[in-house]
Each structure stands twice: as C-alpha cells, then as structure tokens.
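Just below is one structure, and these are the notes that go with it.
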Amino acid sequence: GDWSSDVCSSDLLATNRPQAFAVVPGPGFLNASAALLSAYAMNAPVIAIAGQIPQGDIDRGFGHLHEIHDQRGLASHISKSAVRIRAPHEASRLTADAITSTQSDVPRPAFIECAMDVWPRRAPVRIETARPPHGAPVDPAAIDAAARILGAAIRPLIVVGGGAQGASAEVMALAEMLEAPVVAFRRGHGVLDARHRLAINLPIAHRLWPDTDVVQIGRAHV
C-alpha cells in the first residue's frame, strides 16, 4: 500500500500525469494513508482506489475482515474528494470526475472506494472522459498589490513549489527583472534551471532570510 502510493508519486514527477494505485480496505488503506497524506501536502494528483466490504454491511459493525468504520470519511481528510462507486453505471463518471478534480484549482489526490460485491456487477455504462483541468481563479487586485510590493523591494527572494511547475519562463522573467534569487521547495525543483545565476539552494536561502524584505511564494496551495 504505502510502497505503491510512493511509486505513484515518483511516476507523477517523471510523467507530469495523474497516477493511480489500488489497495484493499482497512489495513491496506491505512498503510497507504501516510503516502496519500504526503501527496496531499505536495499537491500531487494521485488517485487512490480502495476496496470495501459488501455494500450492505458498510459501517454496520458486523466484524468483516478488513472492516473499518467510515473509511471514506477518513480518506476525506487527506484527499480532495472521497467518493464511493455504488453501481456499475457510476464508475466511469466518478473516475473521470476524480481525474479532473486532482488536476484542477489546487492539485491534490482523490479517493475512490468500491464494495467487493459491486466490482463484479455488469450493467450498461456510458464511458466518460476526464474534462480539461482548470486553474484556480486569479485575483487581479492581489496581483496589483503584489506588483507594488515587489517593485518597492530591495532584497526580494522567490520561493517556488509544485504550483510553479509549468511557469518556468514566467518565474525566470520575474527573477531577472527583480534580480531576485530563487529557491525551490519540494516539488519546485526544476522550475528554474539550477545552473541559472539566480538559482540558490535552501542553505543559501536560509542565510539570506534575515536580510530579505519581501518573499514571493509560487506554490500550488498559497
């Protein structure tokens, strides 16, 4: 469980595409929860697919093997969305929605569970595909305010994370305009080429911090 979800995060970084892993309910989900939480913190579009005990017995305390109370509720705390496939015709739509959700606004993982007696059912299904992801809304007033602050800065510092992936040209242009050093945090590595004259590492950023007057953060959940 935790191994497979960690591999998903690695594949995600290598391909820049959402990745999925599957686990059994209860202990399988709990074993994977640490890695799922890491994906949440790193804004990684990972899809967790978990099994469940028979649908009619969920949360009734009958003592099924791998039974866990409110598995979906637990998952909702460490995922962007947590849904249950209750019938075959729901599978395609819920999966497509999960894929879209993981990449839209603030990227984060999604959770899907399906009971063991639902998996083998057959029914007419309309195949649906994920919609193009959409970014978080932009606040023009906030951009204007940030521009004024950065324009008056004497010793600015730029910190980039996963939210800046895909904006390398913009980050480089801003850094060169301000002559601001750029440090990468977690998934921000590679946003600015490490060979660029303004690229610095965390120890250097730590030394610059006391004299920095403005910090521009480019990160998915800020």
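The values are calculated or read from the model by the stated rules, or taken from the named source; none is laboratory data. Just so it is clear, the model here is predicted, and its values are computed rather than measured. With ideal geometry, Cβ positions are generated from the backbone for all residues, glycine too; neighbour counts draw on all protein chains shown. Ligands, DNA and RNA are excluded from the accessible area calculation, which covers all protein heavy atoms including side chains. Shrake-Rupley method; radii C 1.70, N 1.55, O 1.52, S 1.80 Å.
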**Message:** Between helix 2-15 and the chain, what is the angle of the helix's C-alpha long axis to the longest principal axis, kept within 0 to 90° and rounded to the nearest 10?
**Reply:** 50
**Message:** From Cα pairs below 8 angstrom and at least 6 apart in sequence, can you work out the relative contact order of the chain, rounded to a whole percent?
**Reply:** 17
**Prompt:** Per residue, how much accessible area does region 163-222 show when a 1.4 Å probe rolls over the protein heavy atoms, in square angstrom?
**Reply:** 63
**Request:** Please calculate how many Å² of accessible area region 105-149 carries per residue, with a 1.4 Å probe and no DNA, RNA or ligand atoms counted.
**Result:** 74
**Asked** Residues with beta-carbon under 14 Å from that of ILE204, excluding ILE204: net charge, scoring Lys, Arg +1 and Asp, Glu -1?
**Response** +2
**Prompt:** Taking the Cα atoms only, what angle lies between the long axis of helix 140-151 and the longest principal axis of the chain, rounded to 10 degrees?
**Reply:** 40
**Prompt:** How large, in percent, is the carbon and sulfur part of the accessible surface of the chain at a probe radius of 1.4 Å?
**Reply:** 58
**Prompt:** Where does the charge balance sit around ARG148 when Lys and Arg score +1, Asp and Glu -1, over other residues with C-beta under 15 Å from its C-beta?
**Reply:** -3
**Fill in**
In the neighbourhood of HIS66 defined by beta carbon distances under 15 Å, the net charge of the other residues (Lys, Arg +1; Asp, Glu -1) is -4
**Request:** Mind listing the long-range amide H neighbours of ALA82? Cut-off is under 5 Å, sequence gap 5 or more, other chains count too, H placed in the peptide plane at 1.01 Å from N.
**Result:** PHE111
**Message:** If each DSSP helix of 4+ residues adds -39,500 (n - 2.57) and the sum is divided by the residues in the chain, what number results at 222 nm, nearest 500 deg cm²/dmol?
**Reply:** -11000 deg cm²/dmol
**Fill in**
With Cα coordinates, the longest principal axis of the chain makes an angle with the long axis of helix 27-41, in degrees rounded to 10, of 20
